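A.B. asks: Just passing along the structure, written as structure tokens.
The values are calculated or read from the model by the stated rules, or taken from the named source; none is laboratory data. None of these values were measured; they are calculated from a predicted model. When we count neighbours, we look across all protein chains shown, and the Cβ atoms used for this are built from the backbone with ideal geometry, even at glycine. Just so you know, the surface numbers come from the protein's heavy atoms only, side chains and all, with ligands and any DNA or RNA stripped out. Shrake-Rupley method; radii C 1.70, N 1.55, O 1.52, S 1.80 Å.
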Amino acid sequence: MAEVIAVIDYGMGNLRSVSKALEHVAGEKQVVVTADPAVVAAAERVVFPGQGAMPDCMRELEARGLRAAVIEAAKAKPFLGICVGEQMLFEHSEEGDVPGLGIFPGVVKRFPDAKMVDRHGVRLKVPHMGWNEVQQMPHALWADIADRSRFYFVHSYCVQHVDPQLTTGICDYGIPFTCAVGRDNIFAVQFHPEKSARDGLQLLKNFVAWRP
């Protein structure tokens with residue numbers, strides 16, 4: 001029976017793009033988009049894609065009975081969080097003043113308006129939208145991806161006060177911020193690998209093959 005990769009459907013998020021990108025690299029593995037906690041629990045791998053606001057994400061997780069399934073998956077099996085799927089792993093978000101899942105220490109804050117200028121003094125727009133370089137820290141999911149490769153971002157908030165031992169990627173947009181985290185079986189990114197061309201597909205391919 002084919003290994004199942006569950007893409008969590010909580011009523012928001014870029015589900016089709018994520019599932020199609022995974023299918024492209026999954027080989028014999030089966031990609032299933034699901035809102036069923038039992039399917040999530042039975043899957044060998046779990047992907048939590050994110051798009052939209054953190055309060056909506058947390059509310060829909062509760063409403064669909066998915067919160068416990070997500071927490072258990074994050075404890076026990078290869079788990080990839082994308083965008084809001086990274087942010088919700090932390091303790092609290094300034095967006096809507098809501099608690100996250102608290103799996104990692106740290107908070108999610110809006111980009112500080114006073115620091116939104118580049119090195120030439122040009123004003124930077126929020127949301128941070130478009131391609132940006134990622135400085136890598138050693139991790140299996142960066143295999144065959146050059147350091148400082150560019151990935152696609154769309155966000156106004158980012159995680160802060162992150163344990164340096166969790167940080168696996170740093171980006172600079174007015175301020176340096178953690179854009180990738182990893183511990184044990186969890187890897188999560190602020191950017192969208194499904195929108196990040198070859199390197200994004202390589203990261204997803206690495207996840208599909210990952211044996212943490």
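A.B. asks: Please flag any cysteine in the chain that has no other cysteine's Cβ under 4.7 angstrom from its own Cβ.
C.D. replies: So far as the 4.7 Å Cβ criterion goes, 57, 83, 158 stand without a partner in the chain.
A.B. asks: Accessible area per residue for the stretch 1-107 in Å², computed with a 1.4 Å probe and the full protein assembly in place, what is it?
C.D. replies: 40 Å²
A.B. asks: How high is the relative contact order of the stretch 64-108? Use alpha-carbon pairs under 8 Å, at least six apart in sequence, and give a whole percent.
C.D. replies: 29 percent
A.B. asks: Got a sec? Charge dipole of the chain, +1 on Cβ for Lys and Arg, -1 for Asp and Glu; which of 66, 50, 185 is way out at the positive end?
C.D. replies: So the residue furthest toward the plus end is 50.
A.B. asks: Still on this model: Enumerate lysine pairs in the chain that are 8 or more residues apart or on different chains, then count those whose Cα atoms are under 13 Å apart.
C.D. replies: Close lysine pairs found across the chain: 5.
A.B. asks: Taking only Cα atoms and a 10 Å spring cutoff, compute GNM fluctuations for the chain and point out the largest among 72, 91, 44.
C.D. replies: Largest GNM mean-square fluctuation: 72.
A.B. asks: Here is a further query. Using only helices, what value at 222 nm comes out for the chain when you add -39,500 (n - 2.57) per DSSP H run of length 4 or more and divide by the total residues, to the nearest 500 deg cm²/dmol?
C.D. replies: The per-residue figure over the chain is -7000 deg cm²/dmol.
A.B. asks: Can you tell me the dipole magnitude for the chain around its Cα centre, using point charges on the Cβ only (Lys, Arg +1; Asp, Glu -1), in Debye to the nearest 20?
C.D. replies: Computed about the Cα centre, the dipole is about 360 debye.
A.B. asks: Right, next: Using +1 at the Cβ of each Lys and Arg and -1 at the Cβ of each Asp and Glu in the stretch 56-168, identify which of 93, 149, 106 lies farthest towards the dipole's positive end.
C.D. replies: Going by the Cα projections, it comes out as 149.
A.B. asks: Right, something else. Using the Karplus curve 6.51 cos²θ - 1.76 cosθ + 1.60 with θ = phi - 60°, what ³J(HN,Hα) values do you get for each residue of the stretch 36-44, in whole Hz, with x for Gly and Pro?
C.D. replies: So the Karplus estimates, Gly and Pro as x, are 9, x, 5, 5, 4, 5, 8, 5, 7 Hz.
A.B. asks: What residue among 202, 165, 135 shows peak mean-square fluctuation when the chain is described by a Gaussian network model with Cα springs under 10 Å?
C.D. replies: Judging by the Gaussian network model, the answer is 165.
A.B. asks: A further question on this structure: With +1 on each Lys and Arg Cβ and -1 on each Asp and Glu Cβ, how big is the dipole of the stretch 35-126 about its Cα centre, in debye rounded to the nearest 20?
C.D. replies: Value, rounded to 20: 320 debye.
A.B. asks: Would you mind working out the magnitude of the charge dipole of the stretch 87-139 relative to its Cα centre, with +1 at each Lys and Arg C-beta and -1 at each Asp and Glu C-beta, to the nearest 20 Debye?
C.D. replies: Dipole magnitude for the stretch 87-139 comes out near 260 debye.
A.B. asks: If you build a Gaussian network model of the chain, linking Cα atoms that sit under 10 Å apart, which residue out of 30, 51, 160 swings the most?
C.D. replies: Taking springs between Cα atoms under 10 Å, the residue moving most is 30.
A.B. asks: Looking at the stretch 26-123 from every direction and averaging, what is the projected area of its Cα convex hull in nm²?
C.D. replies: Taking the Cα atoms of the stretch 26-123, their convex hull projects to 8.5 nm² on average.
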